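Structure below; questions to follow.
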Amino acid sequence: MTVGLNAFILVAGLLFAIGFLGVILRKNTLVIYMSLELMLNAVNLALVAFSRYNNTMDGNLFVFFIITVAAAEVAVGLAIIVALFRRRQTVMVDHLNALSR
Amino acid sequence: MLDILFYVFSAVTLIAALLMVLSPNAVNGAMCMIVSFVGTAAMFVLLEAYFLAILQVLVYAGAVMVLFLFIIMLLDVDKGECGFLKDKLTLASSFVGFALIAVLVCSAFAGANHLPEPGLMPVLENPTGSGAGIPFTTSSKSFGYSLFTKYMLPFQVTGFLLLAAMIGVIVVSKKTEEGK
């Protein structure tokens with residue numbers, strides 16, 4: 001494969017930028033949460049690319065841990081969102097402004 | 001051949017991610033997200049991290065996105081958000097921020113003065129055993145070696161984190177008397 005490290009990091013950076021766009025553009029908490037997952041995923045891709053091109057195993061192990069932590073984080077975050085919806089009947093961030101009033 | 005595959009998979013991943021961010025329907029967004037995760041798994045295969053590719057499909061595209069879809073359909077939250085493309089100020093400022101990051105990334109990793117480019121080294125099929133630095137291998141055996149030698153403490157901490165997350169979810173989602 002003649003594709004270099006820079007191409008993979010470019011894709012990972014663009015993926016991160018798209019996730020960031022989702023976080024600041026969207027109002028739905030669930031979609032914001034999915035965009036956060038996308039940013040984590042972009043970091044995973046960059047770590048695997050660095051690990052492959054530096055010929056070490058450490059990046060792959062980091063990705064392993066990131067996937068585990070992301071799964072735990074999704075479970076807790078979605079439980080919080082469900083609890084929020086149960087109390088406020090909405091998950092839109094522009095309706096959840098009780099602290100600023 | 002592999003180069004063409006890289007371009008195809010990166011295009012699929014980026015377009016699916018963009019569709020996820022821009023689609024007004026959250027269920028369609030979750031579907032695009034699955035496509036994006038599978039594209040990333042394909043790029044892991046191109047980088048010869050086969051174990052992580054399988055893990056990505058199983059955990060992210062499988063478990064995590066099923067959980068997301070379950071919550072999206074359970075809460076039925078699509079009603080309120082048709083108008084996120086109508087707020088011109090938010091739209092313009094978000095896209096300006098996106099363009100800034102994109103230009104930064106493109107100028108750092110593409111074009112004339114990009115980062116130094118190391119060549120691909122040949123991959124060992126089998127790990128030789130424990131050592132200070134374990135070289136990149138395609139077999140999942142080297143994950144075991146690393147997890148139980150160099151990364152023993154993070155491994156234990158991750159296990160404890162999973163336990164804490166499980167108990168936390170049970171506590172958070174329990175119905176309280178004064179809540180309802």
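The values are calculated or read from the model by the stated rules, or taken from the named source; none is laboratory data. Just so we're clear, the structure is a prediction, and the values are computed from it rather than from any experiment. Neighbour counts are summed over all protein chains in view; Cβ atoms, including those assigned to glycine, are modelled from backbone coordinates with ideal geometry.
For the list (1) under 30 Å from A:Ala79 (Cα atoms); (2) at pLDDT 85 or above, I need the number of the one condition that B:Phe148 fails.
It fails just one condition, (1).
Against the conditions (1) aliphatic (A, V, I, L, M); (2) within 7 Å of chain B (Cβ to nearest Cβ); (3) more than 20 Å from B:Leu55 (Cα to Cα), where does A:Ile32 fall short? Just the number, please.
It fails just one condition, (2).
Looking only at residues that are without any contact (Cβ under 8 Å) to a residue 24 or more places away in the chain and more than 10 Å from chain A (Cβ to nearest Cβ) in the stretch B:42-61, which one is surrounded by the most Cβ atoms within 10 Å (Cβ to Cβ)?
So, considering only residues that are without any contact (Cβ under 8 Å) to a residue 24 or more places away in the chain and more than 10 Å from chain A (Cβ to nearest Cβ), the one surrounded by the most Cβ atoms within 10 Å (Cβ to Cβ) is B:Val57.
Further question on the same structure: Which condition does A:Glu37 not pass, out of (1) assigned to a helix (DSSP H, G or I); (2) over 30 Å from B:Leu74 (Cβ atoms), if it passes all the others?
(2)
Does A:Leu84 count as hydrophobic (A, V, I, L, M, F, W, C) and within 23 Å of B:Val27 (Cα to Cα)? Break it down into steps so the answer makes sense when it comes.
Working: hydrophobic (A, V, I, L, M, F, W, C): yes; within 23 Å of B:Val27 (Cα to Cα): yes.
Spelling it out, A:Leu84 is indeed hydrophobic (A, V, I, L, M, F, W, C) and within 23 Å of B:Val27 (Cα to Cα).
Restricting to the stretch A:21-34, give me the number of residues that are outside any helix (DSSP H, G or I) and either more than 14 Å from A:Ile81 (Cα to Cα) or in contact with a Gly (Cβ under 6 Å, 6 or more places away or on another chain) (or both). Explain how you work it out, then say what you get.
Within the stretch A:21-34, the first condition is being outside any helix (DSSP H, G or I), and the residues that meet it are A:26-28.
So of that shortlist, the ones also either more than 14 Å from A:Ile81 (Cα to Cα) or in contact with a Gly (Cβ under 6 Å, 6 or more places away or on another chain) (or both) come out as A:26.
Here the count works out to 1.
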